[in-house]
1. For region 37-83, how many residues meet the condition of being within 16 Å of ligand 1 (Cβ to nearest atom) and in a helix (DSSP H, G or I)?
2. For L160, state whether it is open to solvent by 10 Å² or more (accessible area, probe 1.4 Å) and in the same structural domain as A32 (by TED's automatic domain parsing).
3. Sort out for me the strands (runs of 3 or more DSSP E) sitting completely within region 272-349 that have 1 or more residues that are open to solvent by 20 Å² or more (accessible area, probe 1.4 Å), out of contact with any Phe, Trp or Tyr (no Cβ under 8 Å at 6 or more places or on another chain) and of a type in the set (S, T, N, Q).
4. Say we look at region 187-201 and pick out the residues that are assigned to a loop (DSSP other than H, G, I, E, B) and under 19 Å from K337 (Cβ atoms); which of these is least open to solvent (accessible area, probe 1.4 Å)?
5. When region 132-184 is examined, which residues are found to be polar (S, T, N, Q) and within 16 Å of ligand 1 (Cβ to nearest atom)?
6. Being open to solvent by 20 Å² or more (accessible area, probe 1.4 Å) and of a type in the set (G, A, S) is the filter here, so list the residues in region 1-60 that pass it.
7. How many of the residues in region 84-107 are within 16 Å of ligand 1 (Cβ to nearest atom) and either more than 22 Å from F156 (Cα to Cα) or open to solvent by 20 Å² or more (accessible area, probe 1.4 Å) (or both)?
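The values are calculated or read from the model by the stated rules, or taken from the named source; none is laboratory data. These numbers were taken from a predicted model, which means no experiment stands behind them. Please note: Cβ atoms are built from the backbone with ideal geometry, for glycine as well, and neighbour counts cover all protein chains shown. When the accessible area is computed, the model is the full protein with side chains, heavy atoms only, and any ligands, DNA or RNA have been set aside. Shrake-Rupley method; radii C 1.70, N 1.55, O 1.52, S 1.80 Å.
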Amino acid sequence: MKQFILEAPGRLVERDVPIPELAAGDVLLKTAALTLCGSDVRIYTGEKTGGVEWPVVIGHEFTGHVVEVGGSEESHLIGKFFSVVPWIVCRKCTACLNGQTNLCPNVKIFGYQLPGAMSEFVRIPKEAVANGNLIELPENLPPEVGALSEPLSCVFHGHLRCNIKVGETVLILGGGPIGLLHTKLALRAGAGQVIVSEPDPARATTLRQAGASSVINPLETDVAAFVQEATNNEGADVSIICIGRTELANEAIYSTRPGGVINLFAGFGHAGIGELDLNAIHYNQLDVIGNADATLGEFRTAARLIANGEVEVVSMLTHRYSLSDAQAAIDMAASGKGIKVAVLPDSEF
Ligand SMILES: [Zn+2]
Ligand SMILES: [Zn+2]
């Protein structure tokens, strides 16, 4: 089968490797679609190292059909179409037992420690099958649309932690795919105003079409001053940082009302070390919160929101490449142009 392996940062190599052999309980998925994520790009460039075992087959946002099973007990899965929860958790640790499977310290992730979906086939180990990591999707859903269950699940997790209430003002810093999904969920939750800070004009257009109240260019406009003016000098109720730039943390602090929430949704560059106005957090009693991935239950909800069309994601898919063109796909994703880049089997081209 055809597989792309990342041998070292920046070195993506096409290989012809045997189709994985299955043990009892495993299933073999024929990849139907992979969508690329900012974290795939950061693994590719070598910026992201945590949890990555080299050489690595990247790709954790994917769908596929079960074409083979390791034992007769799984035979009912053959032919079915699934989105795959990429995190295989242990179910035994304190986090798992408390229902916070997104914080499992023993997690194994497709595209990090396990071969991901930049490949014609993916072996799904029996622990994943047994844990319920295969989320069935309707057969008529385009596979690249189904693959967006993963990013939506992470955004859904972060969204729930913000506790946005009807009529509130939400500031979103960074209007790429994650900022766009946060915009959609904030609007669904009844936010009165969603202000997005995003310099790219094409992305700004997409955000306005999605219903953002204002999209401001942070290179031309002082974000905190704009938010204060738009809220009668009260500040945003909730600010969500969707791009990992450490300098945005103070911008969020100065844009948020006393008692408000600042969600550090993105992973940060520079090893995550930055400067914070601690007194502004202290005296304004700000709740600064983090996020990691999503639980299995949240993934299931995200897949359902997509399958039922309750959160529109089709328009986010701006670029499609064949598996053979995986290098071009990753280059496009790294360029910051467009929104989501999909990789589809060669047979679709
Ligand atoms: Zn992702
Ligand atoms: Zn665990």
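1. Going through region 37-83 one residue at a time, the tally reaches 8.
2. Working: open to solvent by 10 Å² or more (accessible area, probe 1.4 Å): yes; in the same structural domain as A32 (by TED's automatic domain parsing): no.
No; evaluated as a whole, the condition is false for this residue.
3. Values: elements: 287-289, 317-322, 340-344.
Fully inside region 272-349 and qualifying: 317-322.
4. Step one: filter region 187-201 for residues assigned to a loop (DSSP other than H, G, I, E, B), giving 189-192, 198-200.
Within this subset, residues satisfying the condition of being under 19 Å from K337 (Cβ atoms) are 198-200.
Details: E198: 17, P199: 62, D200: 54 Å².
Filtering first and then ranking leaves E198.
5. The initial filter retains those residues of region 132-184 that are polar (S, T, N, Q), namely 133, 140, 149, 153, 163, 169, 183.
Those that are polar (S, T, N, Q) and within 16 Å of ligand 1 (Cβ to nearest atom): N133, S149, S153.
6. Across region 1-60, the qualifying residues are A8, G10, A23, A24, G38, G46, G50, G51.
7. Of the residues in region 84-107, the ones within 16 Å of ligand 1 (Cβ to nearest atom) are 84-88, 102, 107.
Next, from what is left, pick out any that are either more than 22 Å from F156 (Cα to Cα) or open to solvent by 20 Å² or more (accessible area, probe 1.4 Å) (or both): 102, 107.
Within region 84-107, residues that are within 16 Å of ligand 1 (Cβ to nearest atom) and either more than 22 Å from F156 (Cα to Cα) or open to solvent by 20 Å² or more (accessible area, probe 1.4 Å) (or both) number 2.
Here is a yes/no grid of residues against (1) within 26 Å of K165 (Cβ to Cβ); (2) open to solvent by 70 Å² or more (accessible area, probe 1.4 Å); (3) in the same structural domain as D40 (by TED's automatic domain parsing):
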{"site": "R203", "(1), (2), (3)": "no, no, no"}
{"site": "Q209", "(1), (2), (3)": "yes, yes, no"}
{"site": "S214", "(1), (2), (3)": "yes, no, no"}
{"site": "T221", "(1), (2), (3)": "no, no, no"}
{"site": "Q228", "(1), (2), (3)": "yes, no, no"}
{"site": "A236", "(1), (2), (3)": "yes, no, no"}
{"site": "G260", "(1), (2), (3)": "yes, no, no"}
